[in-house]
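Input: a single structure, listed below in structure tokens.
The values are calculated or read from the model by the stated rules, or taken from the named source; none is laboratory data. Keep in mind it's a predicted model, so treat the numbers as computed, not measured. As a convention, Cβ positions derive from the backbone with ideal geometry for all residues, glycine included, and neighbour counts pool all protein chains shown.
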Amino acid sequence: MGIVELTDVKKTYLLGKVEVPAVKGVTFCIEKGDFISIAGPSGSGKTTILNMVGLVDQPSDGEVYIDGKPTSKLKDAELTRLRHETLGFIFQSFNLIPVLNVWENIEFPLLLGRTRVSKAEKDEWIDHLIEEVGLADWRKHKPNELSGGQRQRVAIARALATRPQIVLADEPTANLDSATGEQIIELMKRINRELQTTFIFSTHDAKIVDIADHIIRLKDGLITENLRRGENAEGSCSPAQGAAKPALATEA
């Protein structure tokens, strides 16, 4: 089993008295260290899938496994702990806390968890993340004193603060100019290679799709393509017990 697996996942929303199917039966597996793009037009279901993987929404049917755990069986407290310890989030609108500076925004997730580390270890890790995202000279600045690209770099560092296995990013370059967007993509790809952090993107950005080693394309709530390529073409994901394994297209 991979680090993330969806088996016949469906999601239907009730709008008034009308049922609207957003995801209509999706099965796929993501391996540790994947740099994956979930792509598709607006309304295809990609953000809904990202929210279910991120445990902020639940399927109407089917199962989402995170690190081998069937999440539908977990209680709220267990979901919260799994979300905090395993997942990091990069939001399209950054979602930084305006009254906190760069260093404090990155520190914030570390103040919420139950796992405690020494102040020296925490400070060293935050300083390392700030160096990694190129903001050493901006650590005391607040979000309104930063450019859009700098704020996104803070958001990336904050997502990595708890050392998550998986980082989820919803259109992370949508509010950035093209040059800054390319820098952000290169930064995330480098972190993916160096730390083996799994990155899962919901995106329209062709540049992210171009460098992804695993691409899932959606249309009308269904998968139209599930492609591994390059070094990851021979994926070793095995399906959860009782689940059918989706066919994978491969590219040399």
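Annotations
- Being outside any helix (DSSP H, G or I), at pLDDT 90 or above and small (Gly, Ala, Ser) is not true of Ser236.
- Checked against (1) surrounded by fewer than 20 Cβ atoms within 10 Å (Cβ to Cβ); (2) in contact with a strand residue (DSSP E or B) (Cβ under 9 Å, 6 or more places away or on another chain); (3) modelled with pLDDT of 85 or more; (4) farther than 24 Å from Pro164 by Cα, Gly230 passes all but a single condition, namely (3).
- Residues of segment 182-208 classified as buried (at least 16 other Cβ atoms within 10 Å of the Cβ), hydrophobic (A, V, I, L, M, F, W, C) and farther than 19 Å from Met52 by Cβ, total: 6
- Some residue of segment 161-171 being closer than 18 Å to Ile126 by Cβ, touching a Phe, Trp or Tyr at 6+ places or on another chain (Cβ under 6 Å) and surrounded by 15 or more Cβ atoms within 10 Å (Cβ to Cβ): yes
- Residues of segment 17-74 satisfying the condition of being over 19 Å from Ile223 (Cα atoms), hydroxyl-bearing (Ser, Thr, Tyr) and surrounded by fewer than 17 Cβ atoms within 10 Å (Cβ to Cβ): Ser72
- Residue within segment 142-159 that is farther than 19 Å from Val99 by Cα, at pLDDT 90 or above and among the hydroxyl-bearing types (Ser, Thr, Tyr) present: no
- Residue identified as under 25 Å from Lys10 (Cα atoms) and either assigned to a strand (DSSP E or B) or at pLDDT below 95 (or both) among Leu187, Leu168, Leu176: Leu168
- Remark: pairs (first residue in segment 1-24, under 13 Å from Asp57 (Cβ atoms) and without any contact (Cβ under 8 Å) to a residue 24 or more places away in the chain; second residue of a type in the set (S, T, N, Q) and surrounded by 20 or more Cβ atoms within 10 Å (Cβ to Cβ); Cβ separation under 9 Å; 6+ apart in sequence or on different chains) = Tyr13/Thr48.
- Meets criteria (under 20 Å from Val154 (Cα atoms), in contact with a Ser or Thr (Cβ under 7 Å, 6 or more places away or on another chain) and not aromatic (Phe, Trp, Tyr)) for Pro109: yes
- Considering segment 75-97, and only residues there that are in contact (Cβ under 8 Å) with a residue 60 or more places away in the chain and hydroxyl-bearing (Ser, Thr, Tyr), the residue that is surrounded by the fewest Cβ atoms within 10 Å (Cβ to Cβ) turns out to be Ser93.
- In segment 33-83, the residues that are among the acidic types (Asp, Glu), in a strand (DSSP E or B) and out of contact with any strand residue (DSSP E or B) (no Cβ under 9 Å at 6 or more places or on another chain): none
- Every residue from segment 98-138 that is crowded, with 17+ Cβ neighbours inside 10 Å and not in a helix (DSSP H, G or I): Asn101, Val133, Leu135
- Some residue of segment 143-160 being assigned to a loop (DSSP other than H, G, I, E, B) and closer than 24 Å to Gln196 by Cα: no
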